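The values are calculated or read from the model by the stated rules, or taken from the named source; none is laboratory data. No experiment lies behind these values; they were computed from the predicted model shown. Note that each Cβ is placed from the backbone with ideal geometry, even for glycine, and that neighbours are counted across all protein chains shown.
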Amino acid sequence: MSDVSPASSLSAGPAGRSGAKPVSFFEYWPGFVFYAPVALFWAFQTIRHRSVTLPALTNPRIEAGGICGESKNDILDLAGPEARRWIAPHVGITTPAHPGGDLAMAEAAMNEAGLTYPVVVKPDMSCNGAGVRLVEDGAALARYLTEFPRATRLQIQALVPHEGEAGIFYIREPGAARGRITSITLKYAPVVTGDGRARIRDLIEADPRLNAVSSLLLAKLGTEAARVPAAGERVRLVFVGNHCRGSTFKDGRHLITQELTDRIDAIARDIPDFHFGRFDLRYASASGLRRGEGFTIIEINGAGSEATHIWDPETSIVEAYRTQFFHYGAAFRIGAAMRARGVPRYGVRRLFQAWRRQKALMALYPAND
């Protein structure tokens, strides 16, 4: 990756390169099809280690190790002083049981945390970007809170201005002095640039990658798809950086350096008992990221996260499954080591209840950006 500014590199978009695949042939397979071999691998590890929930012990300070049902706020609040320097300012609030006073409560919490508009609001418990929205002002926040379920926790986070976005996967064996980065994914939000004549819909159809995922984008855009952007106007089609919602993921493992590894390792070791998971962050430049500088963490995910570089359209299905098996194998191995250290087992019923609670809440969240 050349060291151009994220704004200029993202405006062109990686999918527009000559010869680049717009999507991989398995990228949009139904989940039950793609993950069937992963489920079989999990079953094999279950028999081998005599526990189906062993990965829930990888990060014992996090609910279910981060498989599901974990709190975004609680994870970030585990961070010590070194890790906090790299995390976007945020505050957690719980909506009142009955409507009324939501905005005043939220803005009071924002003031106390030093947050100003625009901010990003997200459910405290969710996955795949569900319910995440960019909020520009008090009126927009009031609308979001009106749509949000009652007596439910959420997070208000400072908007990080860096346009570059990445996911960095980290693993540290229990007792080891150092961990390592096993994956970096560079995330490119779907963007079109206006010419003063074409509709957004036409610009999507003209881009191989965006046209391949147009059903996802057009359903989200609604009537906005008919707008004609001015010449040179960049239109970001979705806010949430998720390949399931149209973003392009590229393998960024060439950015792994000793400096970046040292930085991520220092952050991870300042989070008690954190051994396995992904740091989602925004960064200013590729060269800065290589040096372990110029980035801000927006989310930390545990054992339920995956090394998302597998969704690079250039990644083969063999590499995708090799990566999945390596990481899930590591999760079981770390869980076994934590069990040997005396960490109590995490029951199947408890895990199922956490998953069911998260699924029920996600059905109630407002639409994401």
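For this structure, a couple of remarks:
- When region 199-216 is limited to residues that are touching a residue at least 40 places away in the same chain (Cβ under 8 Å) and assigned to a loop (DSSP other than H, G, I, E, B), the one that is surrounded by the most Cβ atoms within 10 Å (Cβ to Cβ) turns out to be V213.
- Options A225, A219, A177: the member that is without any contact (Cβ under 8 Å) to a residue 24 or more places away in the chain, over 16 Å from the mean Cα position of the chain (by Cα) and assigned to a helix (DSSP H, G or I): A219
- Checking L57, L103 one by one, the residue that is in the same structural domain as L351 (by TED's automatic domain parsing) and either within 23 Å of P174 (Cβ to Cβ) or surrounded by fewer than 21 Cβ atoms within 10 Å (Cβ to Cβ) (or both) is L57 and no other.
- Test: E224 is among the acidic types (D, E) and at pLDDT below 95: yes
- In region 180-190, the residue that is farthest from R234 (Cα to Cα) out of those that are out of contact with any helix residue (DSSP H, G or I) (no Cβ under 6 Å at 6 or more places or on another chain) and part of a strand (DSSP E or B) is R180.
- Residue list for region 60-89, filter: in contact with a helix residue (DSSP H, G or I) (Cβ under 7 Å, 6 or more places away or on another chain), surrounded by fewer than 19 Cβ atoms within 10 Å (Cβ to Cβ) and acidic (D, E): E82
- Every residue from region 165-176 that is in contact with a helix residue (DSSP H, G or I) (Cβ under 9 Å, 6 or more places away or on another chain) and either among the hydroxyl-bearing types (S, T, Y) or at pLDDT 95 or above (or both): E165, A166, G167, I168, F169, Y170, I171, R172, E173, P174
- Out of A340, A303, A360, A367, sole residue that is small (G, A, S), more than 20 Å from T261 (Cα to Cα) and under 19 Å from the mean Cα position of the chain (by Cα): A367
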